[in-house]
Amino acid sequence: MMTSITHAITPPQPPVLAEVVRSGFVEGRHRGTLVLLAADGGVELELGDAEAPVFPRSSNKPMQAAAVLRAGLDLSGERLALAAASHSGEAFQLDLVRTMLSEHGLTVDDLRTPPDLPLDPVEAEAYLAAGGVRERITMNCSGKHTAMLAACDLNGWPRDSYMDPAHPLQKLVRMVIEEAAGERVPAVGVDGCGAPLMALSLTGLARAFRHFVLAAPGTAERRVADAMRAHPEYVAGTRRSDTWLMREMPGTLSKMGAEAVQAVALPDGRALAFKIDDGGGRALGPVLARALQLLGVEAEVLGRIGRTPLLGGGEVVGAVRAAF
C-alpha cells in the first residue's frame, strides 16, 4: 500500500534589503520588499513581490486626512498636517492637538486613542522625567483622531462607532484609498491606534503617494500633500527622517508607518514604497536612502537619513547598511 506524503510548499523569502555589520562581520540581515516607480508611473524596480498585500500602517494617514476633507471638514496648514501625522509628542504638536480639540468642541476624553507615551524617545524621557503618564493625547495618532471626530460631528455621524469599518467616515476612507492606489482593499485590520487599517500592495501604496503629489491644486489629495510638505515638523517631529526629507527636498511627500513601512513621492511623480519584513525600524533609513539614490536623487540629507551606526563600548563599531 502506497503512503501519500504531502510536502508543504514554502513561499520564497523576500530579498535581503539591509545588512547589520558589526566589526566588519555581518551579524544580521533584514529582508523586505521594495518597489520604485518612474515619473510616468511605470515600475522601475521591484524587489520581492510588490503586488502582495501589506498593512501600510501610518503610511495610510495622508489618505485618511483626505477623507476628512472630503467629509467637509475645513482644515489647512499645520492643522491638516497634524491630521496626517504620526507626531513625536513634542510640546508644539500637543499644544496644537489641544487647540484643535477646543476649536471643534471636543476634549481629550473624546479621543479613543490608547494612552501612550510620546513616540520620540527623547520626548518620552523628558515627559517621564517631568512626571508625565501615558495619555490619549500623547499617542502619536491623536491629531488624526481629532480630525476624524470633528468630521463626525460636522456630518451628524455617531462618535462612539467612528472606528468601525462600517462607519460612514471609514467607508469614505476606504474609497479614497482605493481611488488613490488604483486597486481594491483586500483586507481590513485594526491599527495600533484602534482605527481601521486598510491593506494595499506596495505598488498600490507608491501609486497612492504619486497620486497625491500630482493631484490638481485644490483637491483634497493635493491639499493634504501641500500641507504635509509645508509643515513637515507637524507630520513627524524635529528628529525624524520624514521631516528632514520633506524640509530639505522641497516638493517631496514622505510618510513612514509602523512595522518598518515607508512611502515617498517626488514632485515629478517618481515614487517608492517598501516594507522591512521583520518590522526592523533600524533598517528604514539605510533602505530609504538607497532607494532614493536609485531613483536618481542626489541630496545631502540622504547621508543623514541613511546613517544607522552600531555601538560597542560606547564607540561606533559598525552600521546597518543597504544591501541592494
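The values are calculated or read from the model by the stated rules, or taken from the named source; none is laboratory data. All figures in this text were calculated on a predicted structure; none of them were measured in a lab. As a convention, Cβ positions derive from the backbone with ideal geometry for all residues, glycine included, and neighbour counts pool all protein chains shown. Each accessible area value is taken on the protein alone, full model and side chains, heavy atoms only, with ligands, DNA and RNA left out. Shrake-Rupley method; radii C 1.70, N 1.55, O 1.52, S 1.80 Å.
Tabulated data
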quantity	calculated
J(HN,Hα) series, the stretch 271-288, from Karplus relation 6.51 cos²θ - 1.76 cosθ + 1.60, nearest Hz, glycine and proline x	8, 8, 8, 8, 9, 7, 4, 8, x, x, x, 5, 8, 4, x, x, 5, 4
The chain - accessible surface per residue (Å², probe 1.4 Å)	43
Where GluC sites (Glu not before Pro) in DSSP loops with at most 11 other Cβ within 10 Å are excluded, longest remaining stretch of the chain	1-297
Accessible-area composition of the chain, carbon plus sulfur, in percent [1.4 Å probe]	52
Sequence-distant lysines (8 or more away, or on other chains) whose Cα lies within less than 20 Å of LYS275	LYS61, LYS255
Descending semi-axes in whole angstrom, ellipsoid equivalent of the stretch 244-324, from the Cα gyration tensor	23, 15, 11
Helix 142-155 vs. the chain, principal-axis angle (Cα, 0 to 90°, nearest 10)	50
Normalised contact order of the chain, rounded percent, pairs of Cα under 8 Å and 6 or more residues apart	24
Bins of 5 Å, starting at 0 and running to the largest distance - Cα pair percent for the stretch 135-291	2, 9, 15, 21, 23, 18, 9, 3, 1, 0
Length released on extending from SER102 to GLU125, taking residue separation times 0.36 nm less the Cα-Cα span	5.5 nm
Gaussian network model of the chain, Cα within-10 Å springs - most flexible of LEU128, LEU119, LEU302	LEU128
